[in-house]
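Visitor: Pasting in a structure now, in structure tokens, and then I'll have a few things to ask.
The values are calculated or read from the model by the stated rules, or taken from the named source; none is laboratory data. What you see is a predicted model, and the numbers here were worked out from it, not measured in a lab. Please note: Cβ atoms are built from the backbone with ideal geometry, for glycine as well, and neighbour counts cover all protein chains shown. Please note that ligands, DNA and RNA were not included when accessible areas were found on the heavy atoms of the full protein model with its side chains. Shrake-Rupley method; radii C 1.70, N 1.55, O 1.52, S 1.80 Å.
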Amino acid sequence: SHGNKEGFSCRGIQLAVDWFLEKGHKDITVFVPAWRKEQSRPDAPITDQEILRKLEKEKILVFTPSRRVQGRRVVCYDDRFIVKLAFDSDGIIVSNDNYRDLQNEKPEWKKFIEERLLMYSFVNDK
């Protein structure tokens, strides 16, 4: 949401990571689809991609699998990675997605998501 629906803002990810680091959190994982490493396109602009590589080197960011099949992008279902890690590590999920489909998939995830989902918004860079 940091990109104001005009593009994918890697800086927004860095701002969120920094916010949690400043609060003393050390175990932070960001999931981003691997196709975000690709060259930015006019129909899907990505700004400051070097931030993604830096966060990956710092072992904060994990790229979820994606590949091309007959010229079409096939992505995995990142939401499952996010919810499973948060559930297994007794963490929180920072997202504006409510994961309804996953709440219905596993009863133990339903209560967890209801109690551990932290929704957010950006006001400029805050």
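Visitor: Quick check: pseudo-label points 7 Å beyond the Cα along Cα→Cβ at residue 115 and residue 39, how many nm apart are they?
Guide: Between residue 115 and residue 39, the simple spin-label model gives 4.9 nm.
Visitor: Just the accessible area per residue of the chain, please: how many Å² with a 1.4 Å probe?
Guide: Numbers: 8750 Å² over 126 residues.
Heavy-atom accessible area per residue stands at 69 Å².
Visitor: Moving to a separate point now. Can you check what the Kirkwood hydrodynamic radius comes to for the chain, Cα pairs only, in Å to one decimal?
Guide: Details: mean 1/r = 0.0633 Å⁻¹.
Taking every pair of different Cα atoms in the chain, averaging 1/r and inverting gives 15.8 Å.
Visitor: Viscosity 1.567 mPa s, temperature 4 °C: what is the translational diffusion coefficient of the range 77-125 from Stokes-Einstein with a Kirkwood Rh over Cα pairs, rounded to a whole number of µm²/s?
Guide: Values: Rh = 11.1 Å.
The calculation lands on 116 µm²/s.
Visitor: Report in % the part of the accessible area of the chain that belongs to carbon and sulfur, leaving out ligands and nucleic acids; probe 1.4 Å.
Guide: Numbers: 4520 of 8750 Å².
Ligands and nucleic acids excluded, carbon and sulfur give 52 percent.
Visitor: Excluding residues fewer than 8 places away in the same chain, name every one of the lysines whose C-alpha is closer than 16 Å to that of residue 106.
Guide: Result set, ordered by chain and number: 84.
Visitor: Straight-line reach from residue 126: which aspartates and glutamates fall under 16 Å, measuring Cα to Cα and dropping same-chain residues less than 8 apart?
Guide: Straight-line reach from residue 126, under 16 Å: 18, 22.
Visitor: Based on the Cα atoms of the range 1-58, what semi-axes does the equivalent ellipsoid have, where each is the square root of 5 times one gyration tensor eigenvalue, given in whole Å with the largest first? Numbers along the way, then the final one.
Guide: Details: eigenvalues 97, 34, 13 Å².
Over the Cα atoms of the range 1-58, the ellipsoid semi-axes are 22, 13, 8 Å.
Visitor: What 222 nm value per residue comes from the helices of the chain, counting each DSSP H run with n ≥ 4 as -39,500 (n - 2.57) and dividing by all residues, nearest 500 deg cm²/dmol? Working shown, then result.
Guide: Numbers: 5 runs with 48 residues, N = 126.
Value at 222 nm, helices only, nearest 500: -11000 deg cm²/dmol.
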